[in-house]
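So the structure is just underneath, and the comments pick up after that.
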Amino acid sequence: FDERGTIGDFIGDAIMAYFGAPMPAEDHPARALRSAVRMQTRLAQLNEQWRAEGLPALKMRIGIHTGEVILGNIGSERRTDFTIIGDAVNLSARLEGANKAFGTYTMVSETALESAGPGFHTRELARIVVKGKTKPIAVHELFGFDGHPGEQRDAALLQGYAAALREFYAGGFGAAEPRFRELHERFGYKAARF
């Protein structure tokens, strides 16, 4: 709510939110990214509190994409719902789920990251093809923004992962594989293992 997001729906244990509608906001991609970082930070604080109380910790995965959607009353005369639908909505949901394979918690498409502008702390994870698509998209792990560092990342991990990914993209799989393995062993970074 602080970032002027709108809760569109509760789906099981998931929350679907969107930014820039119904009240327009030119900077809606940046608002979505800031909201994700702030929610993950707040959850980390709550987890500390809950652990101290002997309660289990919770984890939350977030997927963010930006694009054209349809927003409004959708349905029929018998049943209608004010909601948001479209390819961009589906891709956001796919990115949320893709976090599981990478061991990450906030995944953002390159489209959303570019639309949000500078100042966000990310690492490119990979180029992936999500279910229902044939064209790969670059995805990034989002972990902070200027003025709000979020979860800290070791500089050696960031540089090592970027170097291994460059080798992988260039087809140097034999050189990339030991780099990824070393990052997983040294930092326990699941994306490197994947």
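The values are calculated or read from the model by the stated rules, or taken from the named source; none is laboratory data. Not measured: the values here are computed from a predicted model. Neighbour counts run over all protein chains shown; Cβ positions are idealised from the backbone, glycine included. Each accessible area value is taken on the protein alone, full model and side chains, heavy atoms only, with ligands, DNA and RNA left out. Shrake-Rupley method; radii C 1.70, N 1.55, O 1.52, S 1.80 Å.
Couple of notes before you dig in:
- Output for the range 157-194, where each listed residue is touching a His at 6+ places or on another chain (Cβ under 8 Å) and within 21 Å of His121 (Cα to Cα): Lys190, Ala192
- For the range 49-79, residues that are modelled with pLDDT under 95 and touching a strand residue (DSSP E or B) at 6+ places or on another chain (Cβ under 6 Å) total 6.
- Consider the range 163-194 and keep the residues that are surrounded by fewer than 16 Cβ atoms within 10 Å (Cβ to Cβ) and within 18 Å of the chain's Cα centre (by Cα). The one that is nearest to Ile128 (Cα to Cα) is Phe194.
- Meets criteria (under 23 Å from Gly97 (Cα atoms), open to solvent by 30 Å² or more (accessible area, probe 1.4 Å) and out of contact with any Leu (no Cβ under 8 Å at 6 or more places or on another chain)) for Arg51: no
- Pairs with Cβ under 9 Å, 6+ apart, first in the range 11-29 and acidic (Asp, Glu), second assigned to a strand (DSSP E or B) and modelled with pLDDT of 85 or more: Asp27/Phe19
- One residue stands out in the range 90-141 among those that are farther than 20 Å from Gln40 by Cα and hydrophobic (A, V, I, L, M, F, W, C): the one that is surrounded by the most Cβ atoms within 10 Å (Cβ to Cβ), namely Leu91.
- Of all residues making up the range 28-48, the number that are charged (D, E, K, R) and either loosely packed, with under 11 Cβ neighbours inside 10 Å or farther than 17 Å from His121 by Cα (or both): 2
Every residue, every condition in (1) without any contact (Cβ under 8 Å) to a residue 24 or more places away in the chain; (2) among the hydrophobic types (A, V, I, L, M, F, W, C); (3) in contact with a helix residue (DSSP H, G or I) (Cβ under 6 Å, 6 or more places away or on another chain), yes or no:
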site	(1), (2), (3)
Leu43	yes, yes, no
Asn47	yes, no, no
Ile70	yes, yes, no
Thr83	no, no, no
Glu114	yes, no, no
Ile137	no, yes, no
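- Taking the criterion of being on the phi > 0 side of the Ramachandran plot and in a helix (DSSP H, G or I), no residue of the range 109-144 qualifies.
- Single match in Ile15, Ile84, Ile11 (criterion: open to solvent by less than 80 Å² (accessible area, probe 1.4 Å) and within 20 Å of the chain's Cα centre (by Cα)): Ile84
- Residue within the range 145-152 that is of a type in the set (Gly, Ala, Ser), within 22 Å of Asp27 (Cα to Cα) and assigned to a strand (DSSP E or B) present: no
- All of Lys131, Lys190 fail the test of being in contact (Cβ under 8 Å) with a residue 24 or more places away in the chain, over 30 Å from Ile74 (Cβ atoms) and of a type in the set (Lys, Arg), apart from Lys190.
- Any pair with Cβ under 7 angstrom, 6 or more apart, that starts in the range 172-187 at a residue that is under 25 Å from Gln152 (Cβ atoms) and ends at one that is open to solvent by less than 60 Å² (accessible area, probe 1.4 Å) and aromatic (Phe, Trp, Tyr): Leu183/Tyr161; Leu183/Tyr189
- Within the range 62-81, restricting attention to residues that are surrounded by fewer than 18 Cβ atoms within 10 Å (Cβ to Cβ) and polar (S, T, N, Q), the residue that is farthest from Ala14 (Cα to Cα) is Ser76.
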